[in-house]
Amino acid sequence: MSSQPPRNRQELYDRIRAGSKDEVVLEEMVRLGFWPARSGLPGDPADVIHRRNELQGEIRALTSEQSRLGNLEAMKRELRKRRLEESRRKQQETKERRERERLARAAAWKERKGKELLFLGRGVSGGLSERTPDEAKLTRLGLPVLATPEVLAQALGLSVGKLRALCFTRTASTTSNYVRFQLPKKTGGTRLISAPLPRLKAAQAWVLENILEKVPVHDAAHGFRAGRSIVTNARPHVGAGVVVNLDLKDFFPSVLYPRVKGVFVKLGYSEATATVLSLLCTEPDVDEVELDGQRFFVAQGGRRLPQGAPTSPALTNILCRRLDRRLAGAARKLGFVYTRYADDLTFSAHGPGPHDAGELLRFVRWLVREEDFTPHPEKTRVLRRGRQQEVTGVVVNDKPGVDRETLKRFRALLHQLEKSGPEGKRWGNSGDVIASAVGYANYVAMVDPVKGKALQQKARALEARYGRRPSPPPRAKAKGTAQAGSSAPVSSAAPPAQAPEAPAASPAPAATPDSGQKPTEPPKKKWWKLF
């Protein structure tokens, strides 16, 4: 009960609204002394008024609750509205949280990509998480311990991003790390050369110098080794009673990416480092297509050794160590001597007695297939003593020498050059007859120093007299007809022996006067200089 009078009309209305008019009147009468306080007697009007007010309040509350509960659809709408608002609020919070997490992950991934090689394309990235090398084995072999691809990038003088660009494998790309062109083969057809661009070539040269050249290979291998040549490959077969030559088909392209990676893993490198090294040394076959005016390089099949990379020859020598060991053992049991120059396998037998070349060929072909190579079906020769025997282009009947007919034509060329100069003359497919003459003279001197010395003097005198100048290219030879003087290209400083399928170009050039053909485009770079 209030002991203070209402201060204004609004306060009086509020008191009446909170209770009832009778209760307010009673309170005021008690306060003013016109009505006694509650006496506790039965039938006290104050108690009746208070009890009635309480019951009326309960009735109002129950009525309000009944009204609220009676309208179920309104309740459902209200609940749905509240739940929808709550859901939207939580969704917004979740969206904002996930966006913050995504941005944080992207920033962390970008920062990590700048420091590590985590993905290099589909099908080749599985081992990038394994980064434990066999340090003891690498140290024993004298190889650099490149624990991770990032250490390799530092050794190559490249950033991680640039190394990734050289290794990344894509099905289609607008750029390529190789320049591809065709070169004619001595035996007909063309050979695809994939020349790496300077940055990739520099990385491959580092791998060759610091890793591959330090790995010991079988003594029977003579190709692409320091101190070895087509001459050292031919010497063991000089004076043999029978010489057997075999070629391996698609030598470089048949070596696929998994075998190259296996070489580096076996040397002791971790899966991650071996993956990067093998990607640097391999490439897929590529078709160039144009779409909407833009050129694309589309990969065809798996990665393989490119013919033209500095690392490809050394890798094949390492891969062929077991093949060389098995072939050398088989040849020794059958009374033969074995050497290999790239894909050219040579066996020879000396001394009296029957030498079963057929049994040797059957066994050798079986071993070659066992080592996942393929014998060339059209490049097997068995040369007996009664005919000219050649090994990688070097005649080996009595001593290392050059084909007599070719040498005779070359002397005739030098005579014509001394007599009337280089105009209208050619030698091989080169556009510079003087350079070709000097190169072939150097080749003869390497094979037969006695004969080659005089030829070198003449060729160099011609070079000093006329200098090097382009001459008309060779005329095309019609199919089924012979053209006098057709020949294979000859190196100007080394023997023409670097391509796998023709390791020692068997020079057969000659000089012929020109019939007035106009010069065409300048000659391309010698293919053996690509290695």
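Among the residues making up the stretch 346-378, those that are small (Gly, Ala, Ser), under 20 Å from Val391 (Cα atoms) and open to solvent by 20 Å² or more (accessible area, probe 1.4 Å) are Gly351, Gly358. Listed by position, the helices (runs of 4 or more DSSP H) contained in the stretch 208-281 that have at least 3 residues being closer than 26 Å to Thr392 by Cβ, of a type in the set (Asp, Glu) and without any contact (Cβ under 8 Å) to a residue 40 or more places away in the chain form an empty set. One residue stands out in the stretch 175-189 among those that are in contact (Cβ under 8 Å) with a residue 40 or more places away in the chain and open to solvent by 70 Å² or more (accessible area, probe 1.4 Å): the one that is farthest from Asp250 (Cα to Cα), namely Thr175. A single entry from Pro184, Pro198, Pro144, Pro149 fulfils the requirement of being of a type outside the set (Gly, Ala, Ser) and closer than 27 Å to Arg340 by Cα: Pro184. The set of residues from the stretch 176-210 being aromatic (Phe, Trp, Tyr) and farther than 14 Å from Gly157 by Cα comprises Tyr178, Phe181. Of all the listed residues (Ser125, Ser64), the sole one being under 30 Å from Gly19 (Cα atoms) and among the small types (Gly, Ala, Ser) is Ser64.
Among the residues of the stretch 264-299, just one is among the polar types (S, T, N, Q) and more than 21 Å from Ser125 (Cβ to Cβ), namely Gln294. Checking each residue in the stretch 442-456 for being crowded, with 22+ Cβ neighbours inside 10 Å and over 13 Å from Asp403 (Cα atoms) picks out only Leu455. For the residues His376, His355, the requirement of being touching a residue at least 24 places away in the same chain (Cβ under 8 Å), in a loop (DSSP other than H, G, I, E, B) and not basic (Lys, Arg) singles out His355.
When both residues are 6+ apart or on different chains and their Cβ atoms are under 8 Å apart, which pairs have a first residue that lies in the stretch 101-119 and is under 19 Å from Glu130 (Cβ atoms), and a second that is open to solvent by 100 Å² or more (accessible area, probe 1.4 Å)? Listed pairs, sorted by first residue: Leu118/Arg112. Return a yes/no flag: does the stretch 282-296 have any residue that is crowded, with 24+ Cβ neighbours inside 10 Å and under 18 Å from Val217 (Cβ atoms). The answer is no; no qualifying residue exists. Exactly one residue among Asp324, Asp343 is touching a His at 6+ places or on another chain (Cβ under 9 Å), under 30 Å from Leu197 (Cα atoms) and either open to solvent by 10 Å² or more (accessible area, probe 1.4 Å) or not polar (S, T, N, Q) (or both), and that residue is Asp343. Do we have any residue at all in the stretch 207-225 that's open to solvent by less than 60 Å² (accessible area, probe 1.4 Å) and over 28 Å from Leu345 (Cβ atoms)? Yes; the residues of the stretch 207-225 include at least one that is open to solvent by less than 60 Å² (accessible area, probe 1.4 Å) and over 28 Å from Leu345 (Cβ atoms). The residue list Ala106, Ala46, Ala61, Ala74 contains one member that is under 30 Å from Glu150 (Cα atoms) and part of a helix (DSSP H, G or I), which is Ala106.
The values are calculated or read from the model by the stated rules, or taken from the named source; none is laboratory data. In this text, all values refer to a predicted model and were calculated from it rather than measured experimentally. Glycine also receives a Cβ, built like all others from the backbone with ideal geometry; neighbour counts cover every protein chain displayed. Ligands, DNA and RNA are excluded from the accessible area calculation, which covers all protein heavy atoms including side chains. Shrake-Rupley method; radii C 1.70, N 1.55, O 1.52, S 1.80 Å.
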